[in-house]
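J.: Got a structure here, written out as structure tokens. Questions coming.
The values are calculated or read from the model by the stated rules, or taken from the named source; none is laboratory data. The structure presented is a predicted model; accordingly, all values stated were derived computationally and were not measured. Every residue, glycine as well, gets a Cβ built from its backbone with ideal geometry; the counts of neighbours run over all protein chains shown. For accessibility, only protein heavy atoms count, side chains too; no ligands or nucleic acids. Shrake-Rupley method; radii C 1.70, N 1.55, O 1.52, S 1.80 Å.
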Amino acid sequence: MGAQDGAGARVRAFPRALTPEGPMRRLLVVLATTLLLAGCGTAASTGPAWEGMRVENCGRTQVIAEPPRRVVSLNQHATEILLALGLGDRLVGTAYPDDRTPPASVAADYARVPLLAVEYPSAERILEAEPDLVVGGYSSAFDEGEGRGREALESKGIATLLLSESCATGPTGMPALLADIDMFGSVLGLRERASVLAADIEGRVRAVEQRLAGVPPVDVFVYDSGEQAAFTLGGHGVGNDALTRAGARNVFADVPEGFADVSWEQVASRAPRAIVLVDYLAKPVHDKRAYLEGHPLASGTPAVRADRYSTVPLVELTEGIRFPDAVERLARDLHGA
């Protein structure tokens, strides 16, 4: 898992004039050419003509001649973004779900998307779906050793895009999410839906921040997993930004990674006053809580002694449409706001 705000995606379609970038955008303008679709508009277009574009994404350049018609998405949070944009039956495959409860806004559409694999599918399984675009939520989606790397797919004429959080070199957060939504809206010919989705996410988060204005933050330890060491949320991930906006102070925000191992001695010494349990299919949350309460060091923290927990789905702590859900949930659990 990783994160980034700086080098995620650059996109431009000509001949649209350059527009100033707002503080919440990271999309930079690069060279492209105008390509018009012949005939009347399609479900993939926003009008009778569509502008081809060149996209720089996580260190790779894609030339998208027309809106992709067959898309495969390899992680749940990426899949949810695409469905929220209204991609519909153009999403021909997904993989690696983190939970069984997609948001109600996309649940019906999610259930109709073919599941290619419970974890990552083989390169052969991806090719069977005949995609013209593959989207990864985590960098692990594009494993060169497994034959599904970006270069390998692109050599077969399949474009690839990766959520910006996974090519991070520094802290990231809501700006990266909004920029990627804008990128997907442009690439998929769904700009209007992208604008509405981004405005809704930003509006919900700003409402929480306004309610918490002036409220002292709570020191929080995020427990994902691990026994010999604690696998926790560092300071570079989207999840850290969600905590901050919800009135929490991540006690491991100084760790320059999205997620990382830390020692139990460090957990104890930083004395968190609340614990966030990360929920996903691989390991039940009640087992994680029981482990903390029986641990000789973790059990002595103020959080465990006070029985102060918040359970947050992993998908809410990664770059996706559930970002405001995490902010609202944490604000409610930590501050009753």
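J.: Return the distance in nm (one decimal) between the two label points of a simple spin-label model at Glu293 and Glu209, each offset 7 Å from Cα along Cα→Cβ.
T.: It is 3.7 nm.
J.: Further question on the same structure: Please state the shape class of the stretch 196-255: rounded when a/c is under 1.5, otherwise prolate if a/b exceeds b/c and oblate if not, all from the C-alpha gyration tensor.
T.: In terms of gyration-tensor shape, oblate.
J.: Looking at the stretch 101-185, which trypsin sites (Lys or Arg not before Pro) are DSSP coil and have at most 13 other C-beta atoms within 10 Å of their C-beta?
T.: Filter output for the stretch 101-185: Lys156.
J.: Within the stretch 151-239, report the GluC sites (Glu not before Pro) that DSSP leaves as loop and that have at most 15 other Cβ atoms within 10 Å.
T.: Glu227
J.: Considering only protein heavy atoms and a probe of 1.4 Å, how much of the accessible area of the stretch 63-159 is carbon and sulfur, as a whole percent?
T.: Roughly 49 percent of what the probe reaches on the stretch 63-159 is carbon or sulfur.
J.: Which shape class, rounded, prolate or oblate, goes with the stretch 268-337 when its Cα gyration tensor gives a ≥ b ≥ c as root eigenvalues, a/c under 1.5 marks rounded, and past that a/b bigger than b/c marks prolate?
T.: oblate
J.: Quantify, in whole percent, the carbon and sulfur part of the accessible surface of the stretch 171-293 (1.4 Å probe; protein heavy atoms only).
T.: The C+S portion of the solvent-accessible surface of the stretch 171-293 is 51 percent.
J.: Also: Classify the stretch 73-182: rounded, prolate or oblate, from the alpha-carbon gyration tensor (a ≥ b ≥ c, eigenvalue square roots; a/c under 1.5 rounded; otherwise prolate if a/b is larger than b/c)?
T.: oblate
J.: Diagonalise the Cα gyration tensor of the stretch 181-223 and give the resulting equivalent ellipsoid semi-axes, square root of 5 times each eigenvalue, largest first, whole Å.
T.: After scaling each eigenvalue by five and taking roots: 31, 14, 5 Å.
J.: Mind checking Rg over Rh on the stretch 55-103, alpha carbons, Kirkwood formula for Rh?
T.: Value, to two decimals: 1.01.
J.: What accessible area per residue comes out for the stretch 174-286, rounded to a whole number of Å², with a 1.4 Å probe?
T.: 39 Å²
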